[in-house]
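The structure appears below as structure tokens.
Just so it is clear, none of the values below were taken in a lab; they were calculated from the coordinates. Just so it is clear, the model here is predicted, and its values are computed rather than measured. All Cβ positions, even for glycine, are placed from backbone atoms using ideal geometry, and neighbour counts span all protein chains on display.
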Amino acid sequence: MNNSLQQRQLKIWSMVLALLVLGLLIVVPLAEIFIQSVYRDGQLQWSAPLRTLANSEMMGVLLASIWLGVCVILGTTVLALPLAWVMVNTRLSRWRWLEIVFLIPFMTPPYIGSMGWILFMQKSGYLEQLAPGLAGLGGAFFSFGGMVVIMSLHLYPFLYLLLRGALERIGGNMEEAAAIMGAPFMYRFRRVVAPLLLSAFGMGAMLVFVKTIAEFGTPVTFGKRIGYEVMTSEIHKYISSWPIDFGKATSLSSVLLTTCLLVWYVQSLVNRKHTYGLVGGKGIRRSSMSSGSWLHWAGGIYVFLLLLASVGIPYFSIVAASTMKLRGVGLAWNNFTLDSYKELLSWNSPSMKALQTSLWLSLAASTIAVFLGTWFAVVIERSRSRVQRTIDLFSLLPNTVPGIVLVVGLILLWNSPWMPIPLYNTYGMVILTYVVLFVPYTVQYVKSAFTQIDPSLFHAGQVFGGTPGYIFRRVLLPLIIPGMLAGWMMTFTIASRELVGSLLILPPSVKTSATYIYAQFEQGQVSLGMAMAVISVGLTTVLLILLEVMGSKRRRTAS
Amino acid sequence: MDLNIRGVSKSFGGNMALHPTDLIIRQGKFTTLLGPSGCGKTTLLRLIAGLERPDTGSISFGEEMLYSEAREVPPHRRGFGMVFQDFALWPHMTVFENVAFGLRATGRKNGIRDRVMEALGKVKLSGMEQRYPHQLSGGQQQRVAFARAVATQPKLVLFDEPLSALDAVLRDEMRLEMTYLVREMGLTALYVTHDQIEAMSMSDEVIVMHSGQVLQQGAPEEIYNQPKHPFVARFIGKSNWLKGGQSMFRPEHIRFQPQPGEEVQSYAAAVTQVSYVGDRYEVRLKADEAAEPWLVYCPERLKEGTEVTIYLAQHCIHRLNGSYHSIQENEPKGK
């Protein structure tokens, strides 16, 4: 009795502490953005953000972001919808490995993908060298349209996965029932397939929108070149280059944050009302009736072209640029060299230092994030009580708000004059930023592992005489360790190539691989920057694919 | 207008799901395909519905050829109704729209409302027509699925294990109700199940399947009393086997006293286990005549270890003919 009372108290204290930590790490920095944007020159000015917005320049930036978001929704739809159809209805669906290949564009950091496209399309770039006749295309590419293409090619896998899932479920019994009830193909499509698909699509479209307006990598590389400014790139500009204007950056951040939260809110409303549990009780039984063989061919060609554009071109450009002796000579075998890699990896070079800095910072951040995230996930349990749901919401916030906004909030908080902990401008600050940005991964992985554990397993542990500590060690821990490992690997890979946090937070004269790539690409040796990109992306992509393969294997054995 | 299946077979990736099969489903009858999971009964149902294409054979309904080498009628032109295992109600449509779907899809304009309300009235869901499927209980969803299948007055209604998603109490209730409705509306029904109680109690005709083959077709009584195949005898009801495995009898035919005027067999046996199930005792016996223990019913408790003599009327012993061996030998592995 006494024992269980102690345990309850421990649990309550753990929850309170979790709330406090989350408050300090995530909620206060975000609140700080709103506070600072209405608190100007030592006094409260409720109209300050509105005034900033009314400034036509700012309004233009907001509209530019929104327009970009809308266009990228269109772009990803055009790419993902046919793909989803092909992958559900043709023989290609049997090639499970394609699932992993289609994640590559999404896993490629957007700034590196954009650099690949720039190298490919720019004047005397690889397109011009490979097909001189298409040189005109390169010029046309450096426009708003090109930016939409790049971002769509980065984000389409996301929409594809949602659409594919919906199509798979609809294509089973839902459509068969309609067929037997006498509905011809078009009628079935109009009355059953399209409405059900639309609910999944609406959700995916809103997520694509949020991801687009929150994205930093493409605007800061490609967008800058064509002079298309969006909110993220403007915020970066006001913080990092002269004349520095923190007030404007903060106001913009608050606008961006509000927009994202608004879309998330609408999305959750729509989600609750118009998404349907399409999961049936039994496994989906696909009819063996197959469509014509020309469809398989057409589908295969489409998949090939899409992969060529979304994986082939950017990666080809990056690898080619990293192995070039002289840029002027272009693509030729006698212009091939691995010198950049040698220089990059030589001891004590600035590049090697940057790489090492990246690795140890990510290692530290991912280790801390795993323990923190696991703690949150265990406290959240099955999110039954209101406090647990609040912890759940807070711990996942960094995934829903734009990274740059959170970074601005962290700067505002830790750089404020009243902050007693002198963390700002140290490595500690960088680690803290990474932890805050990426703690949701561990929370999600561990939570999903945790919710799969039947409570009776713990009850059984108690009945057979296990003390709480013993049950934790022998029952809970072994079952959530795969989730922790996944969270750790994910955090490590994402943190090791994180650009926006590193650009804004790193102490002066310190570089990570991401900022090194960025600096070399902007005004240095492109081949060195691209060699670094190959190494950092190669390393992390291999890790991510490993993770995916591990995960799917586990799912298979678990089911 | 009977459904005629001639030489229909189907394999999935080299795995024979249905061996060449001939069957006749009579109009106005309640026919059940009964068998364990993986026996090919659902495959046969889906072939009839047109959701799968047979490898060989033909399917015709009365004069109309539904499937043959030369001709294939797509599912939406076959004019059947179907109740799915997981109901497959469209989540974005109201109950009314779900039921009206078949009427609208086939281009009917008039009288839709009356027809839908009539179907909903039959399944006692009047007043629920504006609800969405997720606002209904499992039993109510089942009723909507039924109403949807019969609203178009189909020539044949297919049932794909419709009761397996319900809990036990609801299942019994729905079983009686569906039997009643099918009879009352004069429907021709083809029902797939692995539950022998459903099959025996609902059907006019039972078709027992195993490993992609039809083992026996007949009235429920016939299937129970004169099984043609050991699998049928074991799968349906309890069976006690005599030496050699060629003759069997049902537990209820055992007497502890000889009936006068009957030709009886008597066996000496020892009681090995007794379990009380409420209305009787189920007694397991070890008889010298048999390799496997026997199960018999007894009105009073017997002590374990007691030696008893039991009597069995000669006409209650059922001999199976020995031509079945080939079937069990090429039994495929379960899916």
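In table form, for the structure just shown:
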| read-out | value |
| --- | --- |
| Distant alpha-carbon pairs in the stretch B:39-165 (separation over 20 angstrom), percent | 47 percent |
| Structure-based [θ]222 nm, chain B - -39500 (n - 2.57) summed over DSSP H runs of at least 4, per residue, nearest 500 | -7500 deg cm²/dmol |
| Size of chain B as Cα extents on the principal axes (Å, biggest first) | 74, 47, 37 |
| Where chymotrypsin sites (Phe, Trp or Tyr not before Pro) fall in DSSP loop in the stretch A:43-93, at most 14 other Cβ within 10 Å | A:Trp46 |
| When the convex hull of its Cα atoms is projected in every direction, mean area for the protein assembly as shown (nm²) | 50.8 nm² |
| Neighbour-limited loop hits for chymotrypsin sites (Phe, Trp or Tyr not before Pro), the stretch A:341-392 (at most 14 other Cβ within 10 Å; DSSP other than H, G, I, E, B) | A:Trp347 |
| Debye, to nearest 20: dipole size of the protein assembly as shown, +1 on Lys, Arg Cβ, -1 on Asp, Glu Cβ | 1180 debye |
| Sequence-separation-based contact order of chain A, relative, with Cα cut under 8 Å and 6+ spacing, percent | 19 percent |
| Compactness of the stretch A:441-549, expressed as Rg and Dmax over alpha-carbon positions, Å | 20.6, 67 |
| All-pairs Cα distance distribution in the stretch A:98-207, expressed in whole percent, bin size 10 Å | 13, 29, 24, 18, 13, 3, 0 |
| Chain B: angle of helix B:112-122 to the longest principal axis, Cα-based, in degrees nearest 10 | 20 degrees |
| Relative contact order %, the stretch B:3-225, counting alpha carbon pairs below 8 Å whose residues are six or more apart | 30 percent |
| Rotationally averaged projected area of the stretch A:57-277 (alpha carbon convex hull; nm²) | 15.2 nm² |
| Residue order, fewest to most surrounding Cβ atoms within 10 angstrom, among B:Phe146, A:Phe336, A:Phe189 | A:Phe336, A:Phe189, B:Phe146 |
| Of the GluC sites (Glu not before Pro) in the stretch B:218-277, those whose Cβ has at most 16 other Cβ within 10 Å and which sit in DSSP loop | B:Glu262, B:Glu263 |
| Ascending count of other beta-carbon atoms within 10 Å, so fewest first, for A:Val430, A:Val387 | A:Val387, A:Val430 |
| Over the stretch B:240-319: Rg over Rh, Cα atoms, Kirkwood Rh | 0.94 |
| Which of B:His194, A:His154 has the fewest Cβ neighbours within 10 Å, and the rest in rising order | B:His194, A:His154 |
